[in-house]
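Accompanying notes for the structure given below.
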Amino acid sequence: MLRMKAAPRFAELRLLVFVAALLVLGYVAVVASAAASFSATPVVVPITFLGLALGLHLFLVARGARGDQLLLPLALALTAIGLVEVQRLAPERLALQQLTWCALAALAFVAAMLVPRDLSVLQRYKYTWALLGLLLLISPLLPGLGREINGARIWIGVGNLFQFQPSEAVKILLVVFFAAYLEEHREMLSAPPRRFGPVPVPPVPYLLPILAMWAVAMVVMVFEKDLGATLLFFGIFLAMLYLATGEPFYTLIGALLLIAGGVIAYQLFGHVQARVDTWLAPFAEESRFGPSFQLVQGLFAFANAGLVGAGLGNGMPERIPVVWSDFVFAAFTEETGFLGGLALLALYLVFVYRGMLIAVRAPTPFLQLLAAGLAFIVAFQTLVIVAGNAKLIPLTGVTLPFVSYGGSSLVTNFLLTALLIRISDVTARVRGAP
Amino acid sequence: MRPIAQNIRALTLAIAIAFLMTSLGVGYWTLVAAGELSRDPFNPRLLAASIDRPRGRIVDAKGAELAVSRQTPEGWRRAYADRSLAHVTGYASFKYGASGIEGAYGASLIGQDAADPLGQMRARYLKEYADPGAVQLAIDLDLQKAVAAALGGRRGAIVVLDPRTGAVRASASLPNYEPGLVSDPAQQDLAWQQLNGNTERPLINRVAQGLYPPGSTMKIVTAAAALESGLDPKAKIRVDDPFQADPSWGTYRVRSSSQAHGDFDLSLAMQRSENIYFAKVGLQIGGARLAEYAGKFGIGTAPKCDLPAARGQISNTGALDRPTLLADTAYGQGELLVSPLQMALIAATIANGGVMPTPHYATAVKDASGAVIRAIAPGPVGQVVRADTARTVAQTMVDAVQAPGAFAFAAKVPGVNVAGKTGTAENPSGAPHGWFVGFAPAEAPTVAVAVLLENSPKGGEDAAPVGGAVLRAALGR
């Protein structure tokens with residue numbers, strides 16, 4: 001951010017009013033329906049959050065940011081829904097914790113608006129980012145540092161106080177690296193000297209990152225038992241490859257590789273097999289109270305939704321184990337109905353659409369790839385968890401961006417939002433448009 | 001090289017399509033599948049509505065209470081009148097869901113019957129719950145007690161139904177369990193653990209969910225299929241034990257249970273339960289024909305009952321395409337599997353002039369004032385065999401009980417003509433299962449019954465007197 005001259009952002013401010021209304025109404029509904037005795041949390045959380053939201057807006061105004069005015073209100077609206085759901089579903093201490101994470105996410109947002117001063121740093125040191133991502137990715141496997149929670153070894157922690165899921169941050173680093181790498185080599189990849197029938201065959205060295213990526217995805221699946229991250233990394237990679245080359249064959253081959261890996265993993269590893277089996281027959285007598293209990297209870301929650309829902313605080317989504325993380329979409333839909341679920345999906349779709357619009361308009365191929373990749377993260381992750389809730393694909397434990405309880409995810413998504421706003425800011429300055 | 005912007009647009013379109021499909025998936029669960037899942041007995045939402053409120057009563061045909069909610073210092077607790085009805089009433093546990101009538105009529109029992117949409121909406125949106133009424137069953141508690149006594153302590157199942165309506169008047173399955181324990185939050189965990197760890201599987205309703213080879217009771221189906229394929233019931237068929245149709249059978253032979261040598265017609269074959277006669281008849285009409293009739297009689301299809309019911313099978317593949325399999329199936333072995341409820345329905349079909357009734361346990365849902373909200377009287381499944389076929393088969397079943405020297409003589413009831421058939425079903429789990437299926441009075445049947453005794457040393461010989469006792473109780477004699 002180069003300029004310091006303040007510039008108003010009225011559209012953003014107007015939209016923040018809606019965010020405030022959403023949050024307050026949601027809180028009132030949830031608190032009113034709970035029989036619990038009075039406590040300060042339901043008052044402290046929304047007020048603090050609205051303060052944070054206004055602070056972020058004023059920060060952008062003060063910095064004279066000229067970028068997109070929709071993304072921040074959208075991110076805040078989704079986060080507000082997340083706070084309402086945590087208040088509704090989770091033990092009270094988690095609501096306060098989530099508020100703390102919101103503050104950290106706001107700090108991350110501010111930091112990402114200021115550092116680096118020039119986004120080209122991301123492009124120049126691409127291998128540094130790749131290495132950092134790789135280190136973060138394998139960090140949970142290190143003894144002493146790694147933690148296994150709910151059967152997946154994807155956390156690092158210091159003592160019992162602080163736990164972080166590095167795979168969340170890795171997603172952004174991956175997109176940065178791929179945007180830079182593919183921008184450099186996209187000519188060779190999309191118009192290779194040799195073709196095998198309709199299939200482009202780039203020189204072997206250029207294929208290495210593809211195979212390396214596949215290997216990394218498999219390692220994550222096997223050693224960290226994290227199917228969600230596997231799917232996300234590989235999906236992000238394939239999308240980036242397509243964005244850079246426009247060549248559907250890479251995506252096809254990559255998808256086939258992933259399926260092949262999945263089939264082999266199904267044969268070899270119990271945790272993969274269990275996921276797929278409970279997905280295929282969740283209502284089977286032997287798994288209804290066992291491995292597929294969570295999925296079945298989630299489907300019951302959907303079934304209770306109807307068109308307009310049971311009303312916030314009026315359903316029974318708390319029967320779903322760890323509902324505030326994996327099944328927050330099902331919980332939200334139960335109480336706000338099919339229409340509420342659609343509205344939530346629409347918020348994501350608008351966010352993704354704005355992100356893609358920023359990408360289309362961005363001045364350099366690197367920024368185009370970067371913005372599209374970041375928007376894709378949000379789209380893909382939303383689809384994977386919502387489709388998993390709705391039994392369209394096997395359930396994987398990825399978070400619903402902004403809404404699910406969890407700090408690593410929230411911080412990462414606000415970093416991502418900041419980057420998108422910065423890219424649109426660069427575009428606005430280059431084009432000189434208002 | 002395509003401009004990146006173009007790729008971005010294509011990807012955005014793909015994302016939009018994926019969002020659309022995901023929305024459709026959410027729409028499916030929230031709108032299309034919602035009705036069925038909301039009534040699922042494992043959905044805790046229906047049971048949650050009765051945590052701080054009594055559930056509706058389950059009453060028998062005469063109004064006697066089979067399940068009621070009682071106020072205790074710990075809250076409302078479910079009490080059940082008769083343990084032999086465990087599989088019928090089922091349990092209602094907030095944690096483990098509900099089974100039996102408690103599950104199948106879960107919405108009705110909290111005052112939200114589907115026939116009362118206004119009440120459903122008041123409960124859902126306003127939390128105003130109507131006082132629950134009652135679900136009335138066709139079960140007759142006095143008859144049920146007699147049936148449970150006839151079963152004694154033996155593993156097995158007995159079902160009594162009205163062949164004209166399909167209403168189930170008694171239904172006992174052993175081993176059973178104490179539904180009150182599973183429904184009690186203080187004891188449910190231990191009870192659930194013990195019931196699921198029990199290798200005899202007491203939670204299974206053997207009447208509708210237990211599957212067994214039918215043994216000689218299958219001969220009712222084979223006889224009906226043969227009659228409709230042109231078999232003359234008076235025609236003599238030569239029986240020489242052991243029987244082999246042709247040398248391709250190798251060492252395999254069909255054995256007669258009485259080492260018979262002689263000429264049999266249909267009636268005599270039913271009286272003596274002659275395997276070789278029915279094996280030959282089966283081979284005559286062919287596998288396709290026999291499979292067709294077994295299917296028409298409901299084997300391989302789950303009966304449309306208000307409690308969960310098993311499908312059974314004609315054979316592992318559903319076809320009777322090998323001669324030895326066909327011969328074995330014709331007299332009730334082979335790969336056949338049926339439930340006692342299915343056999344009772346087959347007897348009821350013969351009793352009812354060839355029309356199969358739809359089985360049902362409940363007859364009415366009533367509101368708190370006792371007025372009927374919804375009467376449950378499903379129409380018949382349909383005409384399975386011609387009326388004259390049913391009449392001929394019925395006569396042979398009467399002979400099988402009443403004629404001198406008939407195997408099933410022990411099922412006789414003084415002063416009433418009983419039609420019946422015993423069966424001794426060989427099975428891999430040990431001693432043969434004993435069967436008796438039948439109906440009475442033969443001229444105008446009001447009762448159809450199926451008795452199954454698991455691993456009973458003398459098979460059908462043990463089951464026939466049990467069938468007689470049940471028919472006596474059901475006819476009030």
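B:Gly379 meets the conditions (1) part of a loop (DSSP other than H, G, I, E, B); (2) farther than 22 Å from B:Tyr293 by Cα in every case but one. The failed one is (2). Could you pull out the residue among A:Ile358, A:Ile377 that is touching a Lys or Arg at 6+ places or on another chain (Cβ under 7 Å) and of a type in the set (A, V, I, L, M)? Just one listed residue meets the conditions, A:Ile377.
In this structure, A:Phe249 does not satisfy being buried (at least 22 other Cβ atoms within 10 Å of the Cβ), assigned to a helix (DSSP H, G or I) and out of contact with any Gly (no Cβ under 7 Å at 6 or more places or on another chain). If you go through the range B:213-234 one residue at a time, do you hit one that is of a type in the set (S, T, N, Q), over 26 Å from B:Val385 (Cβ atoms), crowded, with 19+ Cβ neighbours inside 10 Å and modelled with pLDDT of 90 or more? No. Looking at the range A:213-257 only, could you name the residues that are touching a strand residue (DSSP E or B) at 6+ places or on another chain (Cβ under 9 Å) and either of a type in the set (Gly, Ala, Ser) or more than 14 Å from chain B (Cβ to nearest Cβ) (or both)? Once the filter is applied, which keeps residues that are touching a strand residue (DSSP E or B) at 6+ places or on another chain (Cβ under 9 Å) and either of a type in the set (Gly, Ala, Ser) or more than 14 Å from chain B (Cβ to nearest Cβ) (or both), the range A:213-257 yields A:Val220, A:Phe223, A:Glu224, A:Lys225, A:Asp226, A:Leu227, A:Gly228, A:Ala229, A:Ile253. Every test in (1) in contact (Cβ under 8 Å) with a residue 40 or more places away in the chain; (2) part of a loop (DSSP other than H, G, I, E, B) is passed by B:Ala86 save one, and that test is (2). Within the range A:104-120, residues that are more than 19 Å from A:Arg66 (Cβ to Cβ) and touching a residue at least 40 places away in the same chain (Cβ under 8 Å) reach partners that are surrounded by 20 or more Cβ atoms within 10 Å (Cβ to Cβ) and among the polar types (S, T, N, Q) with beta carbons closer than 9 Å, at six or more positions or on different chains, in the pairs A:Ala105/A:Thr79; A:Ala105/A:Thr412; A:Ala105/A:Asn413; A:Ala108/A:Thr412.
The conditions of being in contact with a helix residue (DSSP H, G or I) (Cβ under 8 Å, 6 or more places away or on another chain) and among the hydrophobic types (A, V, I, L, M, F, W, C) are met by B:Val365.
Within the range B:342-352, is even one residue touching a strand residue (DSSP E or B) at 6+ places or on another chain (Cβ under 7 Å), free of Cβ contacts under 8 Å to residues at least 40 places away in the same chain, within 26 Å of B:Thr217 (Cα to Cα) and outside any strand (DSSP E or B)? So far as the range B:342-352 goes, no, none of its residues is touching a strand residue (DSSP E or B) at 6+ places or on another chain (Cβ under 7 Å), free of Cβ contacts under 8 Å to residues at least 40 places away in the same chain, within 26 Å of B:Thr217 (Cα to Cα) and outside any strand (DSSP E or B).
The set of residues in the range A:354-371 that are closer than 16 Å to A:Gly67 by Cβ and at the interface with chain B (Cβ under 7 Å from one of its Cβ atoms) comprises A:Met356, A:Ala359, A:Val360, A:Gln368. Candidates B:Ser273, B:Ser267: the one that is farther than 30 Å from B:Asp40 by Cα, in contact with an Asp or Glu (Cβ under 8 Å, 6 or more places away or on another chain), at pLDDT below 95 and not β-branched (Val, Ile, Thr) is B:Ser267. In the range B:407-429, which residue that is small (Gly, Ala, Ser) and surrounded by fewer than 20 Cβ atoms within 10 Å (Cβ to Cβ) is modelled with the highest pLDDT? Result: B:Gly415. One residue stands out in the range B:128-162 among those that are of a type in the set (Val, Ile, Thr) and in contact with a Leu (Cβ under 9 Å, 6 or more places away or on another chain): the one that is farthest from B:Leu341 (Cα to Cα), namely B:Val135.
Say whether the condition of being assigned to a helix (DSSP H, G or I) and more than 21 Å from the chain's Cα centre (by Cα) is met by at least one residue in the range B:411-425. Checked against the condition, which is being assigned to a helix (DSSP H, G or I) and more than 21 Å from the chain's Cα centre (by Cα), the range B:411-425 yields at least one hit. Considering A:Ala331, A:Ala281, A:Ala260, the condition of being within 30 Å of A:Ala191 (Cα to Cα), away from chain B (no Cβ under 11 Å) and at pLDDT 85 or above is satisfied by A:Ala260 alone.
In the range A:77-97, the residues that are basic (Lys, Arg) form Cβ pairs under 7 Å with partners that are part of a helix (DSSP H, G or I), at six or more places apart or across chains, as follows: A:Arg88/A:Val30.
Let's see how each residue does on (1) in contact (Cβ under 8 Å) with a residue 60 or more places away in the chain; (2) buried (at least 21 other Cβ atoms within 10 Å of the Cβ); (3) of a type in the set (Phe, Trp, Tyr):
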residue	(1), (2), (3)
B:Gln120	no, no, no
B:Pro132	yes, yes, no
B:Ala138	yes, yes, no
B:Ala146	yes, no, no
B:Leu151	yes, yes, no
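Every test in (1) at pLDDT 95 or above; (2) assigned to a loop (DSSP other than H, G, I, E, B) is passed by B:Thr392 save one, and that test is (2). Of the strands (runs of 3 or more DSSP E) lying entirely inside the range B:121-188, the ones with 3 or more residues being touching a Pro at 6+ places or on another chain (Cβ under 8 Å) are found at B:156-161.
Here A:Gly406 meets each of (1) touching a residue at least 60 places away in the same chain (Cβ under 8 Å); (2) at the interface with chain B (Cβ under 9 Å from one of its Cβ atoms) with one exception, condition (2).
For the range B:446-466, the criterion of a residue being modelled with pLDDT of 95 or more, over 20 Å from B:Gly156 (Cα atoms) and not in a strand (DSSP E or B) is satisfied by at least one position.
The values are calculated or read from the model by the stated rules, or taken from the named source; none is laboratory data. For clarity, every value in this text was computed on a predicted model and none was experimentally measured. As a convention, Cβ positions derive from the backbone with ideal geometry for all residues, glycine included, and neighbour counts pool all protein chains shown.
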